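What follows is a single structure, and I will ask about it in a moment.
The values are calculated or read from the model by the stated rules, or taken from the named source; none is laboratory data. Small disclaimer: the values here were computed from a predicted structure and weren't measured. Neighbour counts run over all protein chains shown; Cβ positions are idealised from the backbone, glycine included.
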Amino acid sequence: MSDIRDDVKADFTELFGYEPHGIWSAPGRVNLIGEHTDYNEGFVLPFAINKRTVLALGLREDGVLRIASSFADEVAEIAIADLAPSALSGWSAYPFGVAWAIGEFGGDLAGVPGVDIYIDSVVPVGAGLSSSAAIESAVALALNDVWQLGFDRPTLAKIGQLAENKAVGAPTGIMDQSASLLGKQDSAVFLDCRSLEAQVVDLGFAAAGLELLIIDTGVSHSHSTGGYASRRASCEEGARVMGVPALRDLSVDDLPRAQELLDDETFRRVRHVVTEDQRVLDTVRALREEGPTAIGDLMDASHRSMRDDFEISVPELDLAVETAIANGAVGARMTGGGFGGAAIALIASESVSRLQVALDGAFAEHGFGQPVTFTVSAADGAVRES
Ligand code: GAF
């Protein structure tokens, strides 16, 4: 079986007519728990997955960036001197946006060589597994290396986030790029999104005989449009009325006062974030002290909170979660920004195929398109491959 790294190298050489300088890769991520808490400066617990975006990069002698990929026909091109969010559009806004964001973070782009980049990926697009963060993180790491900028990984994550916010136009938080850059095999990244302090937490799935099943509903979503931004605005309004810098600064003890001061909808948005932060902390403690079989109730509660309070689930995600729990999952929840994408189920290895069959049947019965299901494991973050 051919390796994607060899394919990317061959495709680069065929397209650009010379051998690349090096190969870099970065993974997608799945979020175990802690949804819509990152931009509220709270806690998240994602892990990098064993599905990666791979790029080959060659150095040029001028100041031009050229980007090609397996998923677009055109070769996009821009001079480094012309990089600006308003000059970027389409999929190349992700990689070019990273080059622009490096400059915003103080990277000295005067005199750096241009580059040619060819990208391929096996991170599913639109499933809520951060295919875009995988591109941003691979490009950020590669440019940081060849331009010898010396940024650390948390700063590269911020660079990727800025590209996503300003060049792509999605008002997302710091979780996805952090997971892609800081991930460790068999572990989750416990990130404090205020301090950006990250701790590695052993997942222990294999030792407990568990697998994490991704259930991609096929319902497509975008964080550049409506729902994500409106949830973020509600959170900011909730923090403003409560007189705190961010919802991170509230605890469950503050919820009765929040209910008095906020309208019902804003209160429920706030309650989701405040309780979800607590669930992340409880999940980390449970993983460390009891192992992964102890986190099921927290996953289930997280899903109910997103369904009922934050209102970002869709019927397909609810059905996936209900079917998983009915078929013996330890826990299940939608993952990622919501409004579509994937759910996750933590389930005994020997029960995975039975659940896959049950999901197919349940989705067919409800007249939904067939879900795509596959297991993932926790992998290392972005690396230079060669
Ligand atoms: C998306 C965003 F990109 C993240 O920053 C995060 O807010 C997530 O939705 C929800 O937890 O993946």
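Among the residues of the stretch 132-158, count how many are of a type in the set (S, T, N, Q) and buried (at least 21 other Cβ atoms within 10 Å of the Cβ). Even if it seems obvious, please write down each step before you answer.
If we filter the stretch 132-158 for residues that are of a type in the set (S, T, N, Q), which is where we start, we get 132, 137, 144, 148, 155.
Subset that is buried (at least 21 other Cβ atoms within 10 Å of the Cβ): 132, 137, 144.
Residues flagged as of a type in the set (S, T, N, Q) and buried (at least 21 other Cβ atoms within 10 Å of the Cβ) within the stretch 132-158 amount to 3.
Just to verify a result, which residue in the stretch 159-176, among those that are away from the ligand (no atom under 12 Å from the Cβ) and surrounded by fewer than 23 Cβ atoms within 10 Å (Cβ to Cβ), is farthest from Thr335 (Cα to Cα)?
In this case the residue turns out to be Lys166.
Residue-wise test of (1) within 14 Å of the ligand (Cβ to nearest atom); (2) aliphatic (A, V, I, L, M); (3) out of contact with any Leu (no Cβ under 9 Å at 6 or more places or on another chain); (4) under 30 Å from Ala110 (Cβ atoms).
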site: Asp7; (1), (2), (3), (4): no, no, yes, no
site: Gly28; (1), (2), (3), (4): yes, no, no, no
site: Thr37; (1), (2), (3), (4): yes, no, no, no
site: Lys51; (1), (2), (3), (4): no, no, no, no
site: Leu59; (1), (2), (3), (4): no, yes, yes, yes
site: Asp62; (1), (2), (3), (4): no, no, yes, yes
site: Ala72; (1), (2), (3), (4): no, yes, yes, yes
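From the list Glu350, Glu365, exactly one residue is of a type in the set (Asp, Glu), more than 21 Å from Met299 (Cβ to Cβ) and modelled with pLDDT of 95 or more. Which is it? Break it down stepwise before answering.
Working: Glu350 fails: more than 21 Å from Met299 (Cβ to Cβ).
None of the other options fit; the residue is Glu365.
Return the residue satisfying two criteria in turn: it lies in the stretch 39-48 and is within 27 Å of Asp309 (Cβ to Cβ) and in contact with a Lys or Arg (Cβ under 7 Å, 6 or more places away or on another chain), and of such residues it is nearest to the ligand (Cβ to nearest atom).
Tyr39
Looking at Ser92, is it in the same structural domain as Gln161 (by TED's automatic domain parsing), among the polar types (S, T, N, Q) and over 16 Å from Phe16 (Cβ atoms)? Reasoning before the result, please.
Details: in the same structural domain as Gln161 (by TED's automatic domain parsing): yes; among the polar types (S, T, N, Q): yes; over 16 Å from Phe16 (Cβ atoms): no.
No.
Consider Leu55 carefully, then state whether it is within 17 Å of Pro27 (Cα to Cα), assigned to a strand (DSSP E or B) and in contact with a strand residue (DSSP E or B) (Cβ under 6 Å, 6 or more places away or on another chain). Step through it out loud before you land on a result.
Working: within 17 Å of Pro27 (Cα to Cα): yes; assigned to a strand (DSSP E or B): yes; in contact with a strand residue (DSSP E or B) (Cβ under 6 Å, 6 or more places away or on another chain): yes.
So Leu55 fits the description; yes.
Also: Select, from Gly331, Gly341, the only residue that is within 16 Å of the ligand (Cβ to nearest atom) and not assigned by TED's automatic domain parsing to the domain that holds Thr37. Show your work before the answer.
Details: Gly331 fails: within 16 Å of the ligand (Cβ to nearest atom).
From the options Gly331, Gly341, the qualifying one is Gly341.
Oh, and also: What residue, among those in the stretch 156-174 that are small (Gly, Ala, Ser) and in a loop (DSSP other than H, G, I, E, B), is farthest from Arg194 (Cα to Cα)? Explain how you work it out, then say what you get.
So the first thing to find is which residues in the stretch 156-174 are small (Gly, Ala, Ser), and the list is 157, 160, 163, 167, 169-170, 173.
Next, from what is left, pick out any that are in a loop (DSSP other than H, G, I, E, B): 169-170, 173.
Working: Gly169: 22, Ala170: 20, Gly173: 11 Å.
Taking the candidates together, the pick is Gly169.
Hey, among Ser251, Ser234, Ser195, Ser230, which residue is over 30 Å from Trp24 (Cα atoms) and more than 14 Å from the ligand (Cβ to nearest atom)?
Working: Ser234 fails: more than 14 Å from the ligand (Cβ to nearest atom); Ser195 fails: over 30 Å from Trp24 (Cα atoms); Ser230 fails: more than 14 Å from the ligand (Cβ to nearest atom).
Of Ser251, Ser234, Ser195, Ser230, the one residue that is over 30 Å from Trp24 (Cα atoms) and more than 14 Å from the ligand (Cβ to nearest atom) is Ser251.
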